[in-house]
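Structure first, commentary second.
The values are calculated or read from the model by the stated rules, or taken from the named source; none is laboratory data. Because the structure is a prediction, the values reported are computed rather than measured. In this analysis, Cβ positions are derived from the backbone assuming ideal geometry, glycine residues included, and neighbour counts consider all displayed protein chains. The protein model used for the area step is the full one, side chains on, heavy atoms only, and it has no ligands, DNA or RNA in it. Shrake-Rupley method; radii C 1.70, N 1.55, O 1.52, S 1.80 Å.
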Amino acid sequence: MTDTLQILIADDHPLFRNALSEALSNTGTPVTIEQTDTLDSTLNHLENGATDLLLLDLKMPGSEGLLGLIQIRTRFPEVAVAVITANEASRTVAHVKATGALGYLPKSLSLEQLVAALQALISGKGYFPANHQADNHNIDEDVDAITKLASLTPKQQHVLALIARGYLNKQIAYELSVKETTIKTHVSEIFRKLNLYNRTQAAMYNQYLEVPE
């Protein structure tokens, strides 16, 4: 990382982007801050800029739950990513950890706590809530599923998301402006990587991408 950290705040709420900017200014570290408010604009910025740390809202337009985070971790593994979210469910924290994210910052943190969390991220230590407890869900199974999802290419991840919406191959091809045979190839690879046998099983993978309200 450079002496001045390049930080991207990706959140569709201007007030919270401003709060994060204020907190970053109190960390004692020189930073340059850029802002985006959709997944597409975030991906474009990451393609064109030298971002050291991304602060990513899970509910940002275009994110499709955890899919946006997984796509970013797949395409830009060199960028440190920390999630910022109002969701504090243990299952979601576990899913975010499984993607290799550096941190998980609940929006309920006070300014003082937020500054401390950001300082931990900047130092490379990472930050996750200390008080979250595993629930009765099979977290190990979830983590395995998230790891498999991360093995898909960004295009395959997008195709899987459209399968979960009930799209047929022809509709997906139209949506992505490619040939139907290309989609069939993607679907075959998705089934192979996720060890699936049909589209119903593929659609059920959407549950691992969901972020509760």
Q) List the pairs whose first member sits in the range 56-85 and is touching a residue at least 24 places away in the same chain (Cβ under 8 Å), whose second member is part of a helix (DSSP H, G or I) and among the charged types (D, E, K, R), and whose Cβ atoms are under 8 Å apart, counting only residues at least 6 apart or on separate chains? A) 62/40; 81/73
Q: Please enumerate the residues belonging to the range 86-114 that are in contact (Cβ under 8 Å) with a residue 12 or more places away in the chain, under 20 Å from residue 14 (Cα atoms) and assigned to a loop (DSSP other than H, G, I, E, B).
A: 86, 87, 107, 108
Q. Regarding residue 119, is this residue more than 22 Å from residue 145 (Cα to Cα) and not in a helix (DSSP H, G or I)?
A. no
(Q) Quick check on residue 22: is it more than 15 Å from the chain's Cα centre (by Cα), open to solvent by 30 Å² or more (accessible area, probe 1.4 Å) and of a type in the set (D, E, K, R)? (A) yes
(Q) surrounded by 19 or more Cβ atoms within 10 Å (Cβ to Cβ) and over 22 Å from residue 115 (Cα atoms): which single residue out of 85, 36, 42 fits that description? (A) 42
Q.
Just checking, does the range 14-28 include any residue being part of a loop (DSSP other than H, G, I, E, B), closer than 20 Å to residue 104 by Cα and at pLDDT below 90?
A. no
Q. Considering the range 30-70 alone, what residues qualify as being β-branched (Val, Ile, Thr) and either at pLDDT below 90 or part of a helix (DSSP H, G or I) (or both)?
A. 42, 70
Q: Restricting attention to helices (runs of 4 or more DSSP H) lying wholly within the range 125-193, give those where 3 or more residues are closer than 14 Å to residue 70 by Cβ and at pLDDT below 85.
A: 139-150
Q: Tell me, yes or no, whether the range 60-70 has at least one residue that is open to solvent by 30 Å² or more (accessible area, probe 1.4 Å) and closer than 22 Å to residue 5 by Cα.
A: no
Q. Which of the residues that make up the range 177-194 are free of Cβ contacts under 8 Å to residues at least 24 places away in the same chain and not β-branched (Val, Ile, Thr)?
A. 177, 179, 180, 184, 188, 191, 192
Q) In the range 1-13, what count of residues is obtained for those that are part of a strand (DSSP E or B) and closer than 19 Å to residue 119 by Cβ? A) 5
